[in-house]
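J.: Input: one structure, supplied below.
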Amino acid sequence: MNIAIITGASAGIGRHFALQLEGRPDIDEIWLLARRKERLEELASELTQARGRVFSVDLCDPEALVAFFNTLEQERPNISWLINNAGFGKIGRFDQIPLHSNLQMIDLNIRALTEITQRALPFCSKGTRIVQVASSAGFLPITNFAVYAASKSYVVNFSNALARELKPRGITVTAVCPGPVQTEFFDVAASEGGTKSGPEGLMADPEKVVALAIKDAERARLNSAYGLSIKAFILLTRLLPRRLATWATERTYG
């Protein structure tokens with residue numbers, strides 16, 4: 001049995017991955033992971049060409065993850081696509097964001113993604129596509145978004161290095177690095193004192209971000225960045241001095 005695994009599948013980018021991957025000949029089932037069971041069941045009912053299988057789990061809960069990994073070990077499917085999408089950010093000064101929120105960002109954005117990737121690899125084979133949803137924020141330090149940007153920097157660098165390691169096995173790894181996307185992200189990001197929403201006129205359509213990500217994964221590209229402005233931004237981060245970059249981001253998210 002060939003499957004796709006999608007974390008953070010209950011909304012936004014994760015949901016669009018499920019809708020766009022179904023119907024592919026290399027996918028029999030799509031395993032949907034997130035906390036919100038009702039939303040996952042609703043999404044599963046919309047899938048008409050592949051069976052949607054719901055796993056209502058908190059990826060920061062080790063016991064819940066053990067149950068999922070046990071299912072993987074028992075059924076031993078072939079993973080055609082692994083989409084590590086789950087993650088969140090908080091806007092605000094580092095010392096003003098609650099400690100539990102900062103630690104949870106690290107736990108979900110880094111630890112859970114790393115563990116799921118490593119535990120999934122024994123069930124991946126030649127042709128498997130691994131997609132790690134990072135962010136354009138992963139290319140520079142962002143003032144008032146410090147932990148989130150740092151966590152996404154990990155995702156970008158981890159993904160790029162892993163792509164090289166897995167190339168001999170015929171497994172590709174693509175880091176998806178969008179800018180602001182029209183999802184629930186900024187509702188969560190500003191929920192503990194942050195005042196910023198997504199920048200007007202620059203919010204990308206998640207459907208288009210996912211469509212490009214799938215194409216880029218099929219082309220074995222290291223990174224997928226939607227839109228000319230975000231591609232230019234990523235290029236600029238390689239040229240800007242760090243002091244100037246952090247000053248500019250402070251004016252954006254200050």
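J.: Picking from SER197, SER151, which residue would you name as being among the hydroxyl-bearing types (Ser, Thr, Tyr) and modelled with pLDDT of 95 or more? Full working, then the answer.
T.: Working: SER197 fails: modelled with pLDDT of 95 or more.
Exactly one of SER197, SER151 is among the hydroxyl-bearing types (Ser, Thr, Tyr) and modelled with pLDDT of 95 or more, namely SER151.
J.: Another question about this same structure. From the list LEU32, LEU72, pick out the single residue that is modelled with pLDDT of 95 or more, in contact with a strand residue (DSSP E or B) (Cβ under 9 Å, 6 or more places away or on another chain) and surrounded by 22 or more Cβ atoms within 10 Å (Cβ to Cβ).
T.: Values: LEU72 fails: surrounded by 22 or more Cβ atoms within 10 Å (Cβ to Cβ).
None of the others qualify; the one that does is LEU32.
Okay, residues lined up against (1) over 29 Å from TYR148 (Cα atoms); (2) surrounded by 13 or more Cβ atoms within 10 Å (Cβ to Cβ); (3) polar (S, T, N, Q):
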| site | (1), (2), (3) |
| --- | --- |
| ARG24 | yes, yes, no |
| ALA44 | yes, yes, no |
| GLN49 | yes, no, yes |
| ARG53 | yes, yes, no |
| THR117 | no, yes, yes |
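J.: Please verify whether ALA64 is among the aliphatic types (A, V, I, L, M), at pLDDT below 95 and surrounded by 12 or more Cβ atoms within 10 Å (Cβ to Cβ), treating the condition exactly as stated.
T.: On the way: among the aliphatic types (A, V, I, L, M): yes; at pLDDT below 95: yes; surrounded by 12 or more Cβ atoms within 10 Å (Cβ to Cβ): yes.
Spelling it out, ALA64 is indeed among the aliphatic types (A, V, I, L, M), at pLDDT below 95 and surrounded by 12 or more Cβ atoms within 10 Å (Cβ to Cβ).
J.: Could I ask something else about it? In the stretch 154-194, which residues are of a type outside the set (A, V, I, L, M, F, W, C), in a loop (DSSP other than H, G, I, E, B), at pLDDT 90 or above and surrounded by fewer than 22 Cβ atoms within 10 Å (Cβ to Cβ)? Quick ask: steps written out before the conclusion?
T.: So in the stretch 154-194, the residues of a type outside the set (A, V, I, L, M, F, W, C) come out as 154, 157, 159-160, 164-165, 167-170, 172, 174, 178-180, 182-184, 187, 191-194.
Now restrict to residues that are in a loop (DSSP other than H, G, I, E, B): 170, 178-180, 182-184, 191-194.
Narrowing the set further to residues that are at pLDDT 90 or above leaves 170, 178.
Selection gives GLY170 alone.
J.: Still on this structure, please answer the following. On the given criteria, is LEU235 modelled with pLDDT of 90 or more and either in a helix (DSSP H, G or I) or among the hydroxyl-bearing types (Ser, Thr, Tyr) (or both)?
T.: Values: modelled with pLDDT of 90 or more: no; either in a helix (DSSP H, G or I) or among the hydroxyl-bearing types (Ser, Thr, Tyr) (or both): yes.
Here the answer is no, as LEU235 does not meet what is asked.
J.: Could I ask something else about it? Could you tell me which of the residues ALA34, ALA67, ALA18 is of a type in the set (A, V, I, L, M) and without any contact (Cβ under 8 Å) to a residue 12 or more places away in the chain? Steps first, please.
T.: Values: ALA34 fails: without any contact (Cβ under 8 Å) to a residue 12 or more places away in the chain; ALA18 fails: without any contact (Cβ under 8 Å) to a residue 12 or more places away in the chain.
Residue meeting the stated conditions: ALA67.
J.: Return a yes/no flag: does the stretch 5-19 have any residue that is on the phi > 0 side of the Ramachandran plot and either polar (S, T, N, Q) or crowded, with 21+ Cβ neighbours inside 10 Å (or both). Give the derivation first.
T.: In the first step, residues of the stretch 5-19 are kept if they are on the phi > 0 side of the Ramachandran plot; the result is 8, 12.
Within this subset, residues satisfying the condition of being either polar (S, T, N, Q) or crowded, with 21+ Cβ neighbours inside 10 Å (or both) are 8.
The answer is yes; a qualifying residue exists.
J.: Look through the stretch 120-131, keep the residues that are in contact with a strand residue (DSSP E or B) (Cβ under 7 Å, 6 or more places away or on another chain) and assigned to a helix (DSSP H, G or I), and return whichever of them is farthest from ARG169 (Cα to Cα).
T.: Across the stretch 120-131, the extreme among qualifying residues is ALA120.
J.: Going by the structure shown, is ALA137 part of a helix (DSSP H, G or I), at pLDDT below 95 and within 14 Å of the chain's Cα centre (by Cα)?
T.: yes
J.: Are any of the residues in the stretch 41-57 touching a residue at least 24 places away in the same chain (Cβ under 8 Å) and under 23 Å from LEU103 (Cα atoms)?
T.: Taking the stretch 41-57 as the starting set, the residues that turn out to be touching a residue at least 24 places away in the same chain (Cβ under 8 Å) are 43, 46-50, 52-53, 55, 57.
This time we only want the ones that are under 23 Å from LEU103 (Cα atoms), so: 57.
Yes; the residues of the stretch 41-57 include at least one that is touching a residue at least 24 places away in the same chain (Cβ under 8 Å) and under 23 Å from LEU103 (Cα atoms).
J.: A further question on this structure: Considering only the stretch 75-100, how many residues are exposed (fewer than 15 other Cβ atoms within 10 Å of the Cβ), hydrophobic (A, V, I, L, M, F, W, C) and touching a residue at least 12 places away in the same chain (Cβ under 8 Å)?
T.: Summing the residues that are exposed (fewer than 15 other Cβ atoms within 10 Å of the Cβ), hydrophobic (A, V, I, L, M, F, W, C) and touching a residue at least 12 places away in the same chain (Cβ under 8 Å) in the stretch 75-100 gives 1.
The values are calculated or read from the model by the stated rules, or taken from the named source; none is laboratory data. Just so it is clear, the structure is predicted and the values come from calculations on it, not from any experiment. So basically every Cβ, Gly included, is an ideal-geometry build from the backbone, and we count neighbours across all protein chains shown.
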